[in-house]
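Take a look at the structure below.
The values are calculated or read from the model by the stated rules, or taken from the named source; none is laboratory data. Keep in mind that what you see is a predicted model, and the values were worked out from it rather than measured. Glycine gets a Cβ as well: all are built from the backbone with ideal geometry, and neighbour counts include every protein chain shown. The accessibility values were calculated without ligands, DNA or RNA, using every heavy atom of the protein model including side chains. Shrake-Rupley method; radii C 1.70, N 1.55, O 1.52, S 1.80 Å.
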Amino acid sequence: MKDLGINDGDLLIIDKSLEPENGKIAVCYIDGEFTLKTLKLENDHCLLMPANADYKPIKVTADNEFIVWGIVTFVIKSF
């Protein structure tokens, strides 16, 4: 998520009680792996949008094992 200023070593505060919303940064579990992405909610699917040009969006469908584990509320920078 380097294009949003979130880098390796930063500490994220995650709120698991918040509902997923379009445009929110979320910790997601998809097909056995965790990832940090911006949510783009569509009518019949969800896109997990990276903030790094080296990665492509992930389309989540009913075929995926998927949960939004929590929503990022704060980022504490590492120096």
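Using only the Cα atoms of segment 8-48, what are the Rg and Dmax in Å?
11.1, 35
I need the phi-derived Karplus couplings for segment 69-74: 6.51 cos²θ - 1.76 cosθ + 1.60, θ = phi - 60°, integer Hz, Gly and Pro marked x.
6, x, 10, 6, 10, 8
Got a number for carbon plus sulfur as a percent of segment 15-66's accessible area, 1.4 Å probe? Each step should come with its number before you reach the end.
Details: 1640 of 3550 Å².
Ligands and nucleic acids excluded, carbon and sulfur reach 46 percent.
Could you give the length gained on full extension between LYS16 and PHE34, defined as 0.36 nm per residue of separation minus the Cα-Cα distance, in nm?
Numbers: separation 18, 0.36 × 18 = 6.48 nm, distance 1.44 nm.
This chain segment gains 5.0 nm when fully extended.
For a quick check: with amide H placed at 1.01 Å from N, whose amide H comes under 5 Å from LEU18's, ignoring anything fewer than 5 positions away on the same chain?
ILE71
Restricting attention to the chain, which trypsin sites (Lys or Arg not before Pro) occupy a DSSP loop and are surrounded by at most 14 other Cβ atoms within 10 Å? Can you show the working numbers first?
Working: sites: LYS2, LYS16, LYS24, LYS37, LYS40, LYS59, LYS77; in loops: LYS16, LYS24, LYS77.
Loop-located and lightly packed - LYS16, LYS77.
Dividing the convex hull volume of the Cα atoms of the chain by its residue count, what figure in Å³ per residue is obtained?
On the way: hull volume 7.5 nm³, N = 79.
Measuring per residue, one finds 94 Å³ for the Cα hull of the chain.
Hey, what's the chain come to in accessible area per residue, 1.4 Å probe, Å²?
Each residue of the chain exposes 70 Å² on average to a 1.4 Å probe.
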